[in-house]
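What follows draws every value from the coordinates through simple rules; no lab data is involved. Because the structure is a prediction, the values reported are computed rather than measured. Positions of Cβ are backbone-derived with ideal geometry, glycine not excepted, and every protein chain shown enters the neighbour counts.
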Amino acid sequence: MLSNQDKNQTFSQHPKTTALKTLVLVILVISLIFSFLLDLALGSVDIPINEVIKILLGQEPEKVTWTHIILKFRLPKALTATLAGAALGVSGLQMQTLFKNPLAGPFVLGISSGASLGVALVVLTASATTPTLLADLGIISDFGLVIAASLGAASVLGMMLVVSRRVQDTMTLLILGLLFGYATSAIVSILLQFSSKEGIQSYIVWTFGSFAGVTWRQLVVLIPVILLSLLAALLQSKSLNALLLGESYARSLGLTVQKARFSIITIASILAGAITAFCGPIAFLGVAIPHLSRSLFNTSDHRILIPSVIIMGAILALFADLFSQLAVSQMVLPLNAITALIGTPVVTWVILRRNSRNSFPS
């Protein structure tokens, strides 16, 4: 256990250290801008970055078709990847702090499966009863998908929170998370048996994960939902820091632990649920990104971790999207295959050093 003096010093920053971390954040922001432009420039048709910048500034490019490619296809995809990486990273960070579990994440703990169940209940049921309902409802159906996915994610996350209070062992909690994931997948499989061929095919393609299927109409819903949730997560930094040091210490600071938990669960569920609704269940990013951020900044202070996770998550998601398009010519690889290649080494590293107390002081 940390002494009170150690707890008070855990998040203190030396001026030189603060300056260095600020510099690293600036470098990450520049890397994010470069990654975003690169994702817009490269694809089946390569477009020079200077021409991409012209198009974004509303100027006339060398070829008129490039404007159509960027604005209609690549810009929505790049924006979606940026939002998805940031949202999944922050959701994973919140869950790792809440559960004090370095392997917690939307996919590992079954949260993405819960969100998938919410989407399946809406999409497959609607397609079986009134096939054109979702299309006719337009933007209302998009909000419906977000709500359904968030409720599905929150239900699984709530169950995991109840279980975590009775089970202290990390690996047991992860196994239970996988079991919850299998249970929700079983329910989805039953729903698939009663769905149309078109509904089944659409759902299977959705499970592969993709940033390319999100339209501008859906971004009208996704952008404000994710940005407001990320802002709420930033405002939770002090609560997360307090919970990281133990519930007793958090209460001594005047924090209402139950309200803080409910708030964290709500934000984490919306972040994971909204992205899952539109992009499919994206694996491993929620687990890997927080650990990469902790390693880079060597801190557990959420005032630093949350901004860095937002930026690093966006960068990794953009590169995953880019690699899925460029790895094989004339073919787009499933996004989950790429994120698994990114996340598996990180998760393996965490498992091998899971007994370390550096990431989660107690």
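Below is a table of values for the structure above.
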read-out: Normalised contact order of the stretch 164-315, rounded percent, pairs of Cα under 8 Å and 6 or more residues apart; value: 26 percent
read-out: Length added when fully stretched, Leu253-Leu23, from 0.36 nm per residue minus Cα-Cα; value: 79.7 nm
read-out: Extension reserve of the Leu341-Asn298 stretch, reckoned as 0.36 nm per residue once the Cα distance is removed; value: 13.1 nm
read-out: Fully extended contour minus Cα-Cα distance, from Thr266 to Leu227, at 0.36 nm per residue; value: 12.6 nm
read-out: Computed FRET value (nearest 0.05) for Gln193 with Leu234, which takes r as the C-beta separation and R₀ as 41 Å; value: 0.40
read-out: Charge sum, other residues only, whose C-beta stays under 15 Å from Lys259's C-beta, Lys/Arg counted +1 and Asp/Glu -1; value: +2
read-out: Overall dimensions of the stretch 206-362 as given by Cα atoms, namely Rg and Dmax in Å; value: 17.2, 59
read-out: For peptides 341-347, 96-102, sequence by mean Cβ density within 10 Å, most packed first; value: 96-102, 341-347
read-out: In Hz, Karplus ³J(HN,Hα) per residue of the stretch 198-206 (6.51, -1.76, 1.60; θ = phi - 60°; x = Gly, Pro); value: 5, x, 5, 5, 5, 5, 5, 4, 4
